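Here the structure is laid out as structure tokens; the discussion comes afterwards.
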Amino acid sequence: MSSITPVEGVKYFDAHLHRQDPDLIDAIGPEVKFEGIKAQVCNGTRPDDWQAVQDVSSTDETTVLKAYGVHPWCVDQLPVDWESQLRRFLKSGAASVGEIGLDHWIQVRDDRLQLEVFARQLQMAHEEDLVPSIHCLRAWGLLVDSIRTGPALRRGFLVHGFGGSKEVLFQLLDLGGHVSFSSYASDPGRKRMRDAIRACPEDRLLAETDAPDMVPPEDLCRFPIKDAQGQRLHHPLEIQSSYAMLAELRQLPLEELAVQLEKNFRKLFMG
């Protein structure tokens, strides 16, 4: 059984991860204790994993909020009834529509289909009054235009792992956006991420891990884990590293930052 003590008195809130991932489950074990982590938003990526998301259990220590959506990498794998399936899961107590988005980084893709599936999911977020959790790579202008011309998102939206420019950051903030970051941005080479962390208004900032993905630099990894093939994975307990990085870049005491991040998380996902 894994149990690592967090910083005393600090409450951690993870705005985006994938607890249902089989490789992550195998790597951390079924009885891992997420001490100090008060809530996590567990995101689905495709119809095949939505039931697994629903099956992830909360504990006395950690509330697991559920998000269901189609990741842009998965739009070409959808069954004909994917929308009705998604609506059913969203109506089962979801906190978010996610992970959804646009990705022009992947080489083999259908841009039209990505945009169509993304637009349909934004409409569902509007109809169900849920917060979208958005992935975006190299499609920032299209993302801004899609949200600007799309349905109203009363509760706002989250762009997770934000890696755009400061100009795009403020465009998204003006549209009601929030952004989240993991300790992946601990790498000094992630300049745009680090600039955005410093520039983001305090009430629009959240922390995440994106576990098991977006692994932090190896020398900064507090909780190293690997899959069966020896590939490094991102441990959910690295949320501690995310908080520490954000506090350092924003030049704030960890405890002060944690209070603000809790307010932001609760307002966005639990308000």
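The values are calculated or read from the model by the stated rules, or taken from the named source; none is laboratory data. Worth saying up front: this structure is predicted, and the values here are computed from it rather than measured. Glycine also receives a Cβ, built like all others from the backbone with ideal geometry; neighbour counts cover every protein chain displayed.
Against the test of being without any contact (Cβ under 8 Å) to a residue 40 or more places away in the chain and farther than 21 Å from Lys38 by Cα, the options Val179, Val259, Val215 yield a single qualifying residue, Val215. Screening Ile239 on (1) touching a residue at least 40 places away in the same chain (Cβ under 8 Å); (2) in a loop (DSSP other than H, G, I, E, B); (3) touching a strand residue (DSSP E or B) at 6+ places or on another chain (Cβ under 6 Å); (4) of a type outside the set (Asp, Glu) shows it passes everything except condition (2). The residues of the stretch 236-271 that are farther than 18 Å from Asp210 by Cα and among the small types (Gly, Ala, Ser), listed by number, are Ala247, Ala258, Gly271.
For the subset of the stretch 52-72 comprising residues that are surrounded by fewer than 21 Cβ atoms within 10 Å (Cβ to Cβ) and among the hydroxyl-bearing types (Ser, Thr, Tyr), which member is farthest from His18 (Cα to Cα)? So the residue we want is Thr59.
All of Gln107, Gln123, Gln171 fail the test of being at pLDDT below 95 and of a type outside the set (Ser, Thr, Tyr), apart from Gln107. Of all the residues in the stretch 192-207, those that are in contact with a strand residue (DSSP E or B) (Cβ under 7 Å, 6 or more places away or on another chain) and within 12 Å of His178 (Cα to Cα) number 7. Working only within the stretch 116-128, note down all residues that are within 16 Å of His178 (Cα to Cα) and either surrounded by fewer than 24 Cβ atoms within 10 Å (Cβ to Cβ) or in contact with a helix residue (DSSP H, G or I) (Cβ under 7 Å, 6 or more places away or on another chain) (or both). Correct list: Leu122 only. Looking at the structure I just gave you, is Ser2 over 20 Å from Arg266 (Cβ atoms), at pLDDT below 95 and of a type in the set (Ser, Thr, Tyr)? Yes. Please indicate, with yes or no, whether at least one residue in the stretch 242-253 is touching an Asp or Glu at 6+ places or on another chain (Cβ under 6 Å), closer than 22 Å to Glu99 by Cβ, surrounded by 21 or more Cβ atoms within 10 Å (Cβ to Cβ) and modelled with pLDDT of 95 or more. The answer is no; no qualifying residue exists.
Applying the condition of being aromatic (Phe, Trp, Tyr) and touching a Phe, Trp or Tyr at 6+ places or on another chain (Cβ under 7 Å) to the stretch 7-62 and asking which residue is nearest to Ala207 (Cα to Cα) yields Phe13. Hey, does the stretch 207-214 have a residue that's under 19 Å from the mean Cα position of the chain (by Cα), on the phi < 0 side of the Ramachandran plot and either part of a helix (DSSP H, G or I) or modelled with pLDDT under 95 (or both)? No, the stretch 207-214 contains no residue that is under 19 Å from the mean Cα position of the chain (by Cα), on the phi < 0 side of the Ramachandran plot and either part of a helix (DSSP H, G or I) or modelled with pLDDT under 95 (or both).
Within the stretch 209-241, being in contact with a Ser or Thr (Cβ under 8 Å, 6 or more places away or on another chain), within 19 Å of Lys191 (Cβ to Cβ) and surrounded by fewer than 20 Cβ atoms within 10 Å (Cβ to Cβ) holds for Met214, Pro217, Leu220.
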